[in-house]
1. Taking interchain pairs and intrachain pairs at least six residues apart, which have beta carbon atoms under 8 angstrom, with the first residue in the stretch 149-164 and without any contact (Cβ under 8 Å) to a residue 40 or more places away in the chain and the second of a type outside the set (A, V, I, L, M, F, W, C)?
2. Quick check on the stretch 364-382. Is at least one of its residues hydroxyl-bearing (Ser, Thr, Tyr) and over 25 Å from the mean Cα position of the chain (by Cα)?
3. What number goes with the only condition from (1) open to solvent by 50 Å² or more (accessible area, probe 1.4 Å); (2) touching a residue at least 40 places away in the same chain (Cβ under 8 Å) that LEU406 does not pass?
4. Given (1) surrounded by 10 or more Cβ atoms within 10 Å (Cβ to Cβ); (2) at pLDDT 85 or above; (3) outside any helix (DSSP H, G or I), identify the lone condition not met by ARG399.
5. Which members of the stretch 297-311 meet the condition of being touching a residue at least 40 places away in the same chain (Cβ under 8 Å) and either in contact with a strand residue (DSSP E or B) (Cβ under 8 Å, 6 or more places away or on another chain) or open to solvent by 50 Å² or more (accessible area, probe 1.4 Å) (or both)?
6. For the stretch 442-451, how many residues are open to solvent by less than 90 Å² (accessible area, probe 1.4 Å) and in contact with a Pro (Cβ under 9 Å, 6 or more places away or on another chain)?
7. Testing TRP234 on (1) of a type in the set (A, V, I, L, M, F, W, C); (2) surrounded by fewer than 18 Cβ atoms within 10 Å (Cβ to Cβ); (3) modelled with pLDDT of 90 or more, one condition comes back false. Which one is that?
8. Do we have LEU413 as part of a loop (DSSP other than H, G, I, E, B), in contact with a Pro (Cβ under 6 Å, 6 or more places away or on another chain) and open to solvent by less than 70 Å² (accessible area, probe 1.4 Å) here?
Amino acid sequence: EILDTRWRGLTVHDEPEFGMPMQDMFFSVQRVEGLSFPVLYMVNALLHSGVVNQHQLTPDFFGLLRSERDAVNVAALTRLLAGKFQEFDVCPRLKNAQDWAARKPKLLGLHSSRKVGADYNAEMRRLVITPTGAYCMAPQLERSNRVIRHYQHEADRFLRVTFMDEGKQRLNTSAMNLYVAPVVKDMMPNLFQQQKTTVYRRVQTILTEGFQMCGRKYSFLASSSNQLRSRSTWFFAEDTITTIASIREWMGQFPSNNIAKHTARMGLCFTSTYPTVTTQQDEMEFLQDVHHNEYNFSDGIGKITPKLALEVAKKLPLTDNYIPSAFQIRFAGFKGVVAVWPGENEETRLLSLRPSMKKFESDHYVFEVVSWTKVQPAFLNRQIITLLSTLGVPDSVFRQMQNAMLHNLDRILTHSDVAYEVVRTCCPEHGSTAGMMLSAGFAPTNEPHLRAMLLAIRSS
């Protein structure tokens, strides 16, 4: 009650929801009449990033969104999110962003084509969940997987969820379990056992019960091995046609009773791959693994004929005009590497697989490539030098190679052609930026950043 006599009788109340438990797992705008899920998701992304606050989500703000089509709204909200600073007068800024997006038909067309996953890329949404909140991230274009491509018309309902701490860093295992000091545990072993924390219960509840977001109910689907290491999983919002059970049934049969192995097998379907050719059953053969002295010398290694390898290579974004000698693959329920094997079946399309490559049952016969062999520089290490020296190569040959290398390293700061040859042949991964600058005409004598990179390469 206000004690000032001018305002006698005026009572100030708390907000209606003050002190009440939240209905959802985390704060988000669930439903707004007339707005679709993609637009509402971007509104939440603006809200969670701090660009706008919930008091700025006025009827005028939502009225502007209702007045434009979804593609324009998503592009406009993405533009506001890219600014990364708080908007104080959000409605005029939103109107300007909508006008800008409406004048970019190519941008709208590119944005809409990315959603359906027409090629090996797809635009995916990501949600970061922390112990006290959640953050919608802007959709990002990334390489798709087998499941996303098959359900491309429902790709909008897939969501990648990552569990992090409040600093947006990897969630540590110690945050899940509560441990007592060893001396206390020794004194009272029956009283103190390993206890689960509130953070663990929050993660467990989300994984088992799912969560509501933007009017959709998301439930746990699966997770790949790499995602488990980064605390990430795939969630899916079911509709009347596609359910999580139907997706898992399409993925294949996973007979393992070991939970960790069962999860890892399901995760193989979510590996980011390049889809290439479709192989028929009569174009496959099954070879036996090569065993000797209780060792498997062909574990996970199959063969592919040059003709089929050429068709696969034409579907890949290769930078060089050559057929890779080996492919890391996902094919049906098989996982491993296939090597190009010239021989009697050179003119046929034939894929040779082994029992050690089979992980589960599947009818998906698209040849998917995870990676392939690339040109890499060759190096002499201590072991190879010892072998060559034992086989009769004189030591003067190695000294000559070493002196030539050191001579080139001493000249990389003064001779651009020598510097380009060194970074191209000796460190293609770490010297890519330096190589691009050298090929563009920059000289280390008058470019400090290039000079610093070359000095670091020389020291290494």
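The values are calculated or read from the model by the stated rules, or taken from the named source; none is laboratory data. Keep in mind that this is a model prediction, so the values were computed, not measured. Don't worry about glycine lacking a Cβ; one is built from the backbone with ideal geometry, like all the others, and counts go over all protein chains shown. Heavy atoms of the whole protein, side chains included, go into the accessibility calculation; ligands, DNA and RNA do not. Shrake-Rupley method; radii C 1.70, N 1.55, O 1.52, S 1.80 Å.
1. If the second residue must be of a type outside the set (A, V, I, L, M, F, W, C), the pairs left are GLN152/GLY117.
2. Checked the stretch 364-382: no residue is hydroxyl-bearing (Ser, Thr, Tyr) and over 25 Å from the mean Cα position of the chain (by Cα).
3. (2)
4. Looking at each condition in turn, ARG399 falls short on (3).
5. Of the residues in the stretch 297-311, the ones touching a residue at least 40 places away in the same chain (Cβ under 8 Å) are 298-308.
ASP299, GLY300, ILE301, GLY302, LYS303, ILE304, THR305, PRO306, LYS307, LEU308 - these are the residues of the stretch 297-311 that are touching a residue at least 40 places away in the same chain (Cβ under 8 Å) and either in contact with a strand residue (DSSP E or B) (Cβ under 8 Å, 6 or more places away or on another chain) or open to solvent by 50 Å² or more (accessible area, probe 1.4 Å) (or both).
6. 1
7. Against the list (1) of a type in the set (A, V, I, L, M, F, W, C); (2) surrounded by fewer than 18 Cβ atoms within 10 Å (Cβ to Cβ); (3) modelled with pLDDT of 90 or more, TRP234 comes up short only on (2).
8. On the way: part of a loop (DSSP other than H, G, I, E, B): yes; in contact with a Pro (Cβ under 6 Å, 6 or more places away or on another chain): yes; open to solvent by less than 70 Å² (accessible area, probe 1.4 Å): yes.
Criteria met by LEU413.
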